[in-house]
Amino acid sequence: MLHTSRPPDAGCPMLRSFRHGSALCLLLVTSVAWASPAPPVADPAAFDAAFATALREGMGTSPEEGAAAVAALRATLPANDPLRLRRFEAMACRAAQRDGKAYIANADTLLAAEQARSAPDATSLALLHACRAAYLVLGTDATVVERAYDAAVEAAQRSNDSVLLGRMLSLRSNAHSLSGEFAKSLIDALAAQDALDDSGERFAIAANLQIVGIAYRRMGEAARAEEYLLRSLEDEEIRSRYNSTMTALLHLGYLYDETGRYDEARRMLADALELCQGHDNHAACGYVRLGLAGVEVDDGAPRRALATLERAEADFAESGAPGEPTLVALVRGQALARLGRDAEALPLLDRAVATWTTEGNDRYLALALPERARLLERLGREADAIADLRRFIEAHANDDRIRAEQRTELMREQFDASRRELENAELKAREALRLQEIEGLNAARRWQWTAIALGGLLMVVLSGVVVRQIAKARRLRLLAMTDPLTGLANRRHTDYRGNEAFKMARLTGRPFCVLAIDIDHFKAVNDTHGHAVGDTVLQRVGRECQRTLRQNDLIGRIGGEEFAGLLPVTAEQAARQVAERLRAGVESLDLDDVALGLRVTISIGVARMREADPDFAGVLARADAALHRAKQGGRNRVVSDETA
């Protein structure tokens, strides 16, 4: 019997397209037919309030709800108000509609007319670009869809509307996810959360929690995905709305299926099925049953999977939605194969493999190929089975590589964002300090007048003594933790923080890396230029390392020209990248103001915490050994304990 490892996204394979938000998403966000607005009696303020509600909560989750939403918004539209009429048409474009193809031409016409104006309305542009992008999702090149959403985000930024910007970022996040760019998807989702936090709109904020959770799930970060999705489901703003509750239940069901928690997956999807049945939404119920069929296949119940598939296809037929025929073919083929009905299963699996081979979809191929390989082996076609296994290994490796690249990109963006956040925090801290100084002066003045009025000269003297003692204690505490020359953590504090980071990494199972850093030929600097210059070099190198490291990292001076870097929650490859930035930053230091022509370099050893390491000192010792190999190899280089 052939044995293959389970691919990282193998749970519930028949839902892949839907799980990235393509099919049902279009039912939830595309447009509805509209007639010419009837003459309204509403005032502008009523329309603006209704428009803000539609922007925040959407335009319905079914064609019927979409039509009702358009009618309700139209009823508030003032007469003879061209700007609000254009905004109404742009918002109506986003209402739910089964046949999106008939309306993309209308979206293009409205968009062209708005762009031709001497002063286009940024809000209308953002909505029309997003409407057009939603229609383009069906069978369109991902780059074309991405450009449409880029235009929507740029227009939203010009509108100075934080809710609109958050919504457009959320939509672009979904588009990135559909194209497999999960890091970009998560970055946009987190940016949307920042924009919505500024708006104070509770529902928009809660709804975006779902988008962040979905993005984490697609990145393979199951724990963080579950945290965000459960938080959204617990929010009363989410629970009071059908489509938002449905989204949370569906993605929790997918997450539990992917992680082998089948009973929890069934419970979430059963709740989703009850919800869609209560709203008579056959298309949504079709996708839910598709998910349940996947759980049954994954949990070894192929007969229940086939029965559930039949009901899913009936739901799709009732709703007129196309469903996911390739994914249905895959799960039916899997179920039939596990029932021993190989002759019926093989054509279905062949169809799925052929479709995803044409699309170049390695991720889905990694789901179909192992099943077909096992079937081919049973049929005595050993060579074909081995060929499928080889293709599976290649597809699985490609998917792992893409995920790794996405995580690296996310880490890079988070590093840059952390630096920006640190710079902003420094500015805020300075402003806060200035305000504290002013407040302190005012408080001191008030205290002086009170003390004089009460005749409390003795209290003033005692207060001064207490303040001096507190300040002295703080200075002593700081001196106990700080290297006096460089201002960095000293050896004692570095060891303390290193041991704490080591214990936390052991407890949580997260990676932890240590850098051993040494200034090359430092003795020659002292001998040639004097110890005063050497001290300045130590200060400059320390500042450059501290500037380059991330917010949660620590750099400490542990010897004459020796430093140590602590990198919690950092894998070995990322630690090497951080070390290389440190090395390059020091190499580029301009020290001409210290001594003309003076340049220094550093050598760095990298070590990650291993299961066998007894404590932090063991990791530091291996980093130091790697440092020595870096010096033996010619200095000014980074050497890892893993590759040395």
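Before moving on, here are some points about what is shown:
- Förster radius 35 Å - calculated FRET efficiency between Glu154 and Glu587, Cβ distance, rounded to 0.05: 0.35
- Proximal aspartates and glutamates to Lys503, defined as alpha-carbon separation beneath 15 angstrom and excluding residues fewer than eight positions away on the same chain: Asp495, Glu611, Asp613, Asp615
- Each of Ala112 and Ala621 was given a label point 7 Å from its Cα along the Cα-to-Cβ line. The distance between the two points is 7.6 nm.
- Scoring 346-359, 173-186, 64-77 by mean Cβ neighbours within 10 Å over their residues and listing the highest first yields 173-186, 64-77, 346-359.
- Hz values of 3J(HN,Hα) by residue in region 254-264 - Karplus curve (6.51, -1.76, 1.60), Gly and Pro given as x: 4, 4, 5, 5, 5, 9, x, 9, 5, 5, 5
- When +1 charges are put on Lys and Arg Cβ atoms and -1 charges on Asp and Glu Cβ atoms, the dipole computed for region 148-246 relative to its Cα centre reaches about 280 debye.
- Protection-proxy order for peptides 196-202, 89-95, each taking the mean of Cβ atoms within 10 Å per residue, highest first: 89-95, 196-202
- Report note on the peptides 222-235, 514-527: ranked by the mean count of other C-beta atoms within 10 Å, highest first, their order is 514-527, 222-235.
- Prolate/oblate/rounded label for region 146-249 (Cα gyration tensor, a/c 1.5): oblate
No lab work stands behind these numbers, since they all come straight from the coordinates. Keep in mind that this is a model prediction, so the values were computed, not measured. Here the Cβ is made from the backbone with ideal geometry for all residues, glycine too, and neighbour counts use every protein chain on show.
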